[in-house]
Each structure stands twice: as structure tokens, then as C-alpha cells.
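Here's the structure, in C-alpha cells; my notes come after.
Readers should treat all values here as calculations from the given coordinates under stated rules, not as data from a laboratory. Note that the coordinates shown come from a computational prediction; the quantities given were computed from them, not determined experimentally. Don't worry about glycine lacking a Cβ; one is built from the backbone with ideal geometry, like all the others, and counts go over all protein chains shown.
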């Protein structure tokens, strides 16, 4: 029996803990139970939760010494330090061969052990910049659902924690068993870790004398970098330099990202066919839109619409 131990702390997210419970700790008729699930805390007793009630945790850090998988289901506030006792217990568990797994903000606790130094990791898109800033030795991947290195694994926002947990079940006991668990949870059986988090597109403040607004209103035209440079009466090389200085990207990359962002909006808010959307945002064909969409978001326009269509 594989022993999964979740390390909780005040104030504990009930949803993130629930993700782990649903995958590893819930007995279901007709589903073989391969995991034993426990919860521990640095200080056993009443642990407040984000839902306003407290949970009773009877087990302490000693449980980590008997875990095959140690799971940190969030860490709130993310600035909270890691005590010497918790850090020592996590490092000992890792040295013993336990797998260390985080959901969403739990990565901040794991990063404080040093085990993510020189490695890639992820978290919720809204916390990715903070993670990169506080832990410069960690290679933050802000656009993926989860990252699994075998001995350590991290996931994005809370929902992606379910994807990571199902991925671990698939690694431990095969795709058929993971699909069976997912079916009982009424979840998609498999989402690749490299799929995008679907963070809302961030449109920069127009610091280029109105160029960004001007270009955004003309996406369905065959707009080129040369056209954009001509609007400001500068050369394409000067335009590229200004984009790099002010936006950290190139004019062509910005224009493509803006087209994809507009396509996302149309997929969410309208019933327009994919071909019509491709033309409206200046990507000319559904084939080109699908190719660009997959490159930017790791999915197809059709799958994105099914997930995010606003009724």
C-alpha cells in the first residue's frame, strides 16, 4: 500500500486538500484502493481552513518519515517561512526516497527546501512572477499545468492539482486505473502537464503613442510590422528596439499574441465558426488559427471553446 501524507498548515485551503483526498483517499465501489491517505501538521490539533471552519489533525511531522508521497496542498500565506522542523522533515523524507508533491501555492514551501534549485516548477499563473522573483534559482514555468521530475512534482492552480494527482496515479498504476478513478470523479482522464493554464490575456498599457490600440483595431487586415513602423514614422529596426525596451518582446510576436488573445475572446463570447474567427483576427484560415492556438495555449480552438464558452 502506497502511503500518501498531506502536510497542512493554518490557514489550509479545503479545495486543494480535497483534490488530494478525492484521488488518493476516497474509497469507491469497484475501484481498487492502492493508497493509504493521512494528514499531518507541524502542530497537531485544530487547524483553521479557508472555508471558515477548523479541521482536527491528530498526527504530527513523524508521519512524513513513513510516507511514500508527501503532498503539500497549498501554503498560505505564501510568504510564510518554513520552520526548521518542517524543512528538516521534508528533506529527510526526500533523502529516504519519498516523492514530494505540491498543489498550487505549496510550491513556495518546497522551494524553501532548496530541492527545486536548478529545476523547473510551476504554480498558479497569478503567483508565477512572485515565485520567480523570490526563488531565482528555480526555473518557473508559468504556462503549464504541472511539472513532474519523478522525485518532486509541482502543479498550477488548484484544479490542476487534480490533473497532477491523476498523473501520479497513472505513473504508479497505469493509464487504465487512472482513467477508472477519473471516471468516478467525472473528470477528464488525462490532461498533459504541458497544456496551458489559460491565464487571462494581459494587454499592456499602450506606451507606444497609440500604436497598440491602432493595431488592435485592425487585426482583420493584413497588418505587417512595416505597417506598424509606418504608423509611427520610424524604421522597423527602431520599432523593434522600442518594443524590446518597453514591452520585452518583438512587434511580430506581440501582433501574433494579440491575434490569439482576440480569438480567445471570440471563442468565449460568440458562436462564430472557427474559420470566421480566423479571418476576423487576421490569421486567414482555421488551419493557421489551430496551429497558432496550439503553439500558444497547448490546445485547439474547439477544445478551448468547450471549456470556456460563455452561455
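A few comments on the model shown:
- Nitroxide proxy distance, nm - points 7 Å out along Cα→Cβ at residue 173 and residue 275: 4.7
- Extension gain for residue 227 to residue 66 (0.36 nm times residue separation, less C-alpha to C-alpha distance): 51.5 nm.
- Three-way shape label, segment 211-308, alpha-carbon gyration tensor, a/c 1.5: prolate
- Of all beta bridges that DSSP places with both ends in segment 2-184, some 25 percent have antiparallel geometry.
- Estimated FRET transfer efficiency (residue 285, residue 96; beta-carbon r; R0 45 Å; 0.05): 0.25
- Crossing angle, helix 236-247 versus the chain [Cα axis fit, 0-90 degrees, rounded to tens]: 30
- The helix-only estimate of mean residue ellipticity at 222 nm for the chain, built from DSSP H runs of length n ≥ 4 each weighted as -39500 (n - 2.57), is -12000 deg cm²/dmol after division by the residue total.
- Convex hull volume per residue, computed on the Cα atoms of segment 2-184, equals 109 Å³.
- DSSP-defined beta bridges in the chain - what % are antiparallel, rounded to 5: 25
- Against the chain, whose longest principal axis is taken from its Cα atoms, helix 251-269 shows a tilt of about 70°.
- Calculated FRET value between residue 120 and residue 2, using beta carbons and R₀ = 22 Å, to 0.05: 0.30
- Among 29, 269, sorting on how many other beta-carbon atoms sit within 10 Å of each Cβ, with the fewest leading, yields 29, 269.
- Cα-based helix-to-principal-axis angle, 286-297 vs the chain, degrees rounded to 10: 40
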